[in-house]
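Everything below concerns the one structure shown next.
The values are calculated or read from the model by the stated rules, or taken from the named source; none is laboratory data. These numbers were taken from a predicted model, which means no experiment stands behind them. Don't worry about glycine lacking a Cβ; one is built from the backbone with ideal geometry, like all the others, and counts go over all protein chains shown.
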Amino acid sequence: MKNKNNIRFVQGNEACVEGAIYAGIDFFAGYPITPSTEIAEHLASRLPQKGGKFIQMEDEIASMGAVIGASLTGKKAMTATSGPGFSLKQEALGYACMAEIPCVIANVQRGGPSTGNPTHVSQGDVNQARWGTHGDHAIIALTASNHQDVFKVTVEAFNMAETYRTPVILLLDEVIGHMREKLVIPEQGDIPVVERLRTSVKKGVDYHPYLPREDGRLPMSDFGSEHRYNVTGLFHDMWGFPNNNPQVVSELLRHLVDKIESNVNEISMYKEYWMDDAEYILISYGSSARSAIHMAKNRRSRGVKIGVLELQTLWPFPADMVREKCAGAKAIIVVEMNMGQVVTQVKNAVDNPDNVFLANRVDGELITPSNIKSLLRMIQGKGV
Amino acid sequence: MTKQVFNFKDYIRPRFFPHMWCPGCGHGIVLGALLRAVHELGLDKNEIVMTSGIGCSSRISGYVDFHSLHTIHGRALAFATGVKLSKPNLKAIVPMGDGDALAIGGNHFIHAARRNIDITAIVMNNRIYGMTGGQFSPLSGSGKKATTAPYLTIDRSFDVVELAKSAGATFVARSTVYHATECKDLIKKGISHKGFSLVEILTQCPTYYGRKNKEGDAVQMMESYKANTAKIGSKKLEKDPGLIQRGVFVDNKDIPEYCEAYDKIIETAMKGKA
């Protein structure tokens, strides 16, 4: 029997908050910015109820810094922002990559560049999520198209942050963030929650914060406990001490990339709709996937063999999976609200990039099923 | 409890030495004063988190055998705020350079002071960007030479003490590396103070600031700290009110500390009062 108290009618931003609470968030630092502010507002109310901490910082950079500091004391920490704020966080985000600090950054995307279109939808930050901070690195970025999935990927974002000791980006968008729909909060245990892996090294024994175990994971030690170590954004050795020995530098950089890129299959989350016999495949994510699914369902009822591959993990890009799913398709239409960010990845992934088309919309309005249908009809040679 | 004799080796990480400061740099005196302060307070090394940004002074965090967080330029107070608020029983100490604290980090500085979060900020003011090779800082003041001011600076300087006071810091003090014992005592007071504490320490950079501005070698620069400063309330200051003042400017125990204030929020929230 479903517990009625577990059924909510909420905004996507609130679904994200519920997911964070479920995942065990202890700490949030943020700065007001549309369209993500509701995440901060709800956590300001919810966190102290469970003994957690909320702080509104003086700016976006400070929020990201505070989140990293909190994570080092052993807390599950998160911040939320949108385009301009996401830009400001990039240096500290790179620090979290380099120092391998678990944390979650929600970016509820709005139109950009610059101040752009604050109250309207966009998916223009996909590449920024990947390459916003300077230098080579790998990143995990997740997204979702409905509130039940926002909840789930938020939990997974916290899980992956702990598993891979890395910042994880939740790439939501304005439509998802502000739209209201039903959310059923799962029972505890329905979705596994990954806790902080702490070192078993005893007091007085040399602890190496940056020496991976055989399984590649790096157990942590909370600030304040018996192991005192150094954390730095400089290239560093297994003790966390700055080191620019060429071998140390190369090994660390390769480790930072490999720990994520080599686990692309474990990290990759996606959903399939009518894909078994699909001749036409729509690849989409976030709110635009809703229109893709709607349109495909409609065409299916008219006998068109069309399916949808909805990506929930955008980074690391699941190129092998996309290639396999798209093998033999007559045409692949990538549906996204930007000038073509994921479509580039899809073209790189598939065997025949000439069969890949972009259905996009960049005017601040949600892409509609009929927008996508027009492109499909042209590809089919039927005219608009 | 019998007090152990201070031995700096009990507090440093030998792996990090020799340090990277130039001969004649004042920062080592600050490090010595800081370690003596920690020793005299009898603090457990496990309860101290040293958070720093980028610059010569910021390297202190690596040298000490505490929990250490060497972060990004200017943002140390923001990182330390996260550490402190999430685990308030930790002692948060933040050594900063003048450029790190007051140029790129100026916003975090005033807001940490405004919140009155229990962090001890030690601004090591050498009036120059040392690590990048001698560019003027917001503390250089006008009419100075620097690599980015070949025709003299036209930028006016901040008064760190006045800025901290205005921003609401509840403990504000100043000393110089000439006055090493006073430094130690003020750092002790700063760490013991429940709230945001600022200790400004004038420290010489003979390599860049001194050389460019013909202020002599390290010894001469230190002697100028003796000549140009005076203790608050001293006869020397009475005679010459234009001298740079040393001592405690603010020691206010009436303002609620931020983490304690948040604990009350938690109490309220847990009772279900929104």
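Some points to look at:
- Taking the range B:32-76 as the range and being among the polar types (S, T, N, Q) and under 17 Å from B:PHE17 (Cα atoms) as the test, the residues that pass are B:SER57, B:SER58, B:SER61, B:SER68.
- Looking across the range A:328-355, the residues that are under 24 Å from the mean Cα position of the chain (by Cα) and of a type in the set (A, V, I, L, M) come down to A:ILE332, A:ILE333, A:VAL334, A:VAL335, A:MET337, A:MET339, A:VAL342, A:VAL343, A:VAL346, A:ALA349, A:VAL350.
- Among the numbered conditions (1) touching a residue at least 40 places away in the same chain (Cβ under 8 Å); (2) farther than 26 Å from A:PHE235 by Cβ; (3) in contact with a strand residue (DSSP E or B) (Cβ under 8 Å, 6 or more places away or on another chain), the only one that A:ILE55 does not meet is (1).
- A:ILE283 vs. criteria surrounded by fewer than 24 Cβ atoms within 10 Å (Cβ to Cβ), of a type in the set (A, V, I, L, M) and in contact (Cβ under 8 Å) with a residue 60 or more places away in the chain: no
- Condition check for A:ILE21: free of Cβ contacts under 8 Å to residues at least 60 places away in the same chain, at the interface with chain B (Cβ under 8 Å from one of its Cβ atoms) and not small (Gly, Ala, Ser): no
- Residues satisfying the stated conditions in the range A:219-261, i.e. farther than 28 Å from A:ALA70 by Cα and within 23 Å of the chain's Cα centre (by Cα): none
- With a requirement of 3 or more residues that are within 14 Å of another protein chain (Cβ to nearest Cβ), the helices (runs of 4 or more DSSP H) lying completely within the range B:216-274 that satisfy it span B:258-270.
- Here A:ALA292 does not qualify as in contact with a Leu (Cβ under 9 Å, 6 or more places away or on another chain), at pLDDT 95 or above and in a loop (DSSP other than H, G, I, E, B).
- Matching strands (runs of 3 or more DSSP E) fully within the range A:295-384 where at least 3 residues are farther than 30 Å from A:TYR164 by Cα, of a type in the set (A, V, I, L, M) and touching a residue at least 24 places away in the same chain (Cβ under 8 Å): A:331-336, A:356-360
- Residues located in the range A:94-127, provided they are part of a helix (DSSP H, G or I) and either of a type in the set (Ser, Thr, Tyr) or away from chain B (no Cβ under 14 Å) (or both): A:TYR95, A:VAL126, A:ASN127
- Every test in (1) without any contact (Cβ under 8 Å) to a residue 60 or more places away in the chain; (2) not in a loop (DSSP other than H, G, I, E, B) is passed by B:VAL161 save one, and that test is (1).
- Odd one out for A:LYS259, checked against (1) modelled with pLDDT under 95; (2) crowded, with 18+ Cβ neighbours inside 10 Å: (1)
- Test: residue in the range A:72-82 that is part of a helix (DSSP H, G or I) and at pLDDT 95 or above: yes
- Residue within the range A:216-223 that is in contact (Cβ under 8 Å) with a residue 40 or more places away in the chain, in contact with a strand residue (DSSP E or B) (Cβ under 9 Å, 6 or more places away or on another chain), in a loop (DSSP other than H, G, I, E, B) and within 14 Å of chain B (Cβ to nearest Cβ) present: yes
- Among the candidates B:GLY32, B:GLY82, B:GLY106, B:GLY74, residue that is surrounded by 24 or more Cβ atoms within 10 Å (Cβ to Cβ) and within 15 Å of the chain's Cα centre (by Cα): B:GLY74
Every residue, every condition in (1) within 14 Å of chain B (Cβ to nearest Cβ); (2) farther than 27 Å from A:LYS89 by Cβ; (3) not acidic (Asp, Glu), yes or no:
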site	(1), (2), (3)
A:VAL175	no, no, yes
A:ARG196	yes, no, yes
A:ARG228	yes, yes, yes
A:GLY233	yes, no, yes
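Listed here are the residues, each with its yes/no results for (1) crowded, with 24+ Cβ neighbours inside 10 Å; (2) assigned by TED's automatic domain parsing to the domain that holds A:ARG180; (3) within 23 Å of A:PRO186 (Cβ to Cβ).
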{"residue": "A:GLY19", "(1), (2), (3)": "yes, yes, yes"}
{"residue": "A:ALA29", "(1), (2), (3)": "yes, yes, no"}
{"residue": "A:ILE33", "(1), (2), (3)": "no, yes, no"}
{"residue": "A:GLU58", "(1), (2), (3)": "no, yes, no"}
{"residue": "A:SER63", "(1), (2), (3)": "yes, yes, no"}
{"residue": "A:SER71", "(1), (2), (3)": "yes, yes, no"}
{"residue": "A:ALA77", "(1), (2), (3)": "yes, yes, yes"}
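- Scope the range A:24-61; condition outside any helix (DSSP H, G or I) and away from chain B (no Cβ under 13 Å); matching residues: A:GLY24, A:PRO32, A:ILE33, A:THR34, A:PRO35, A:SER36
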